[in-house]
Amino acid sequence: MEIFIICLLFALGIVLIVKGGDWFVDAAGWIAEVSGIPKFVIGATIVSLATTLPELLVSLFATIESVTATDPAIIAADRAIAAGNAIGSVTANIGLIMAISIIFMPGKVPRRQFAPKAAMMMAACLILVIFSRGGSLGMLPSVLLIIIFAVFITENVISAKRGSDPAVVELADTGKPTKRVVTVNILKFIFGAAGIVIGAQLLVDYGKQLATLIGVPEEIIAVTMIAIGTSLPELVTTITAIAKKESSMSIGNIVGANILDLTMILSVCSFVSGGTLEVPAQTVNIDLWACLAVGAIAVVPTVITQRLRRWQGFALLGIYVAYVVYICVV
């Protein structure tokens, strides 16, 4: 009975994150739409910030608990979730979500918009691979990650100023939105954020309990169940984009979310924990390398050819499945 309740509350956390993320993204997308920002920039900034909120809160809550806890087992579990969730989310975003998007919707990608973000994502991943070898993320790499985050935001602001979507501007100029539309989107924004916060806390609390009860290491729970759970908003956004044939929105959202996962989340967690974030051995030896591998396959051929091809999607999905099987079996 106890494991049933824990699984139920863990699932409730995922539902709250998905639904809260859905409302939050809708409201953020509406704000972006009436502002006339290009779709790729919308995907890589506003939507990415919205869909990355679950990962941030899960890792942040886990970090705060690891700092305040006294039980060594709880501290170790929280540290595993804090680092593993962020890295696992990036790997899931690329190896699972981007793979699905590419398989169903291969196409052209504008190099001018894609290449800078791809370079920032890979640079952040390399920083983590290089500086986490000792089992912790210190102040220097955290500062470097924050710099990449600042460059990412600045680059997107410049992109937004450089050009706008004429169709969106025309829509925005047709008149002010009605009071009802404004009210609905404000409520979606508030309740969506609340759903994400509560859902993230449920995932952290009951993810640890679930790992303890079924005897699975917290590192595996963090990079699989929790990472995929917090990545569900990106998956929902991607599926919606596929249905609407908006490949730029989908890819921009995923790449932007990955940069935020690698730069903002891990550096913030490092600062909260006193300047050093403990990184579990599995994350150092396996998870980061898997993240680097799927990232390279996703971005290097795309920057060169300016196209996302279906073979990349199948390759990414194959690597992700093999990675999950490996960490669960070995």
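Rule-of-thumb check for the stretch 253-330: C-alpha Rg over 2.2 N^0.38 Å?
Values: Rg = 15.0 Å, N = 78, 2.2 N^0.38 = 11.5 Å.
For the stretch 253-330, the normalised Cα radius of gyration comes out at 1.30.
Sort 218-226, 277-285 by the packing proxy (mean of other Cβ within 10 Å over each peptide's residues), most packed first.
On the way: 218-226: 25.7, 277-285: 20.8.
Highest mean packing first, the order is 218-226, 277-285.
5 Å is the cut-off here: which amide hydrogens, built 1.01 Å from N in the peptide plane, fall below it relative to residue 278, excluding neighbours closer than 5 in sequence?
Residues meeting the criterion, in which the H sits 1.01 Å from N, are 137.
If each of residue 179 and residue 8 carries a label point 7 Å out from its Cα toward its Cβ, how far apart are those two points in nm?
The two pseudo-label positions are separated by 4.3 nm.
Take each of the peptides 266-273, 95-102, average the number of other beta-carbon atoms within 10 Å over its residues, and list them starting from the highest. If you can, show how the numbers build up before the last one.
Numbers: 266-273: 21.6, 95-102: 25.1.
Top to bottom by mean Cβ count within 10 Å: 95-102, 266-273.
Counting only the backbone N, which residues of the stretch 293-313 are under 16 Å from the spot 7 Å out from the Cα of residue 111 toward its beta-carbon?
Backbone N within reach: 299-309.
Would you mind working out the accessible area per residue for the stretch 65-127, using a 1.4 Å probe, and quoting it in Å²?
On the way: 2150 Å² over 63 residues.
Per residue, the stretch 65-127 has an accessible area of 34 Å².
Mind checking the per residue accessible area of the stretch 251-330 for me, 1.4 Å probe, whole number of Å²? All intermediate terms of the calculation are to be shown ahead of the outcome.
On the way: 3000 Å² over 80 residues.
That works out to 37 Å² for each residue.
Using the basic label-point model (7 angstrom from Cα toward the beta carbon), what is the residue 321 to residue 71 distance in nanometres?
3.8
Students often check this: by mean Cβ neighbours within 10 Å, which of 288-301, 315-328 ranks highest, and how do the rest follow?
On the way: 288-301: 21.1, 315-328: 16.6.
Output ranking for 288-301, 315-328: 288-301, 315-328.
Just add up the charged neighbours of residue 190: K/R +1, D/E -1, any other residue whose Cβ is under 15 Å from the Cβ of residue 190. Walk me through the numbers on the way to the answer.
Values: positive: 19, 188; negative: 22, 26.
It works out to a net charge of 0.
The values are calculated or read from the model by the stated rules, or taken from the named source; none is laboratory data. Quick caveat: nothing in here was measured; it's all calculated off a predicted structure. All Cβ positions, glycine included, derive from the backbone under ideal geometry; neighbour counts span all protein chains shown. Keep in mind that these areas ignore ligands, DNA and RNA; they rest on the heavy atoms of the full protein, side chains included. Shrake-Rupley method; radii C 1.70, N 1.55, O 1.52, S 1.80 Å.
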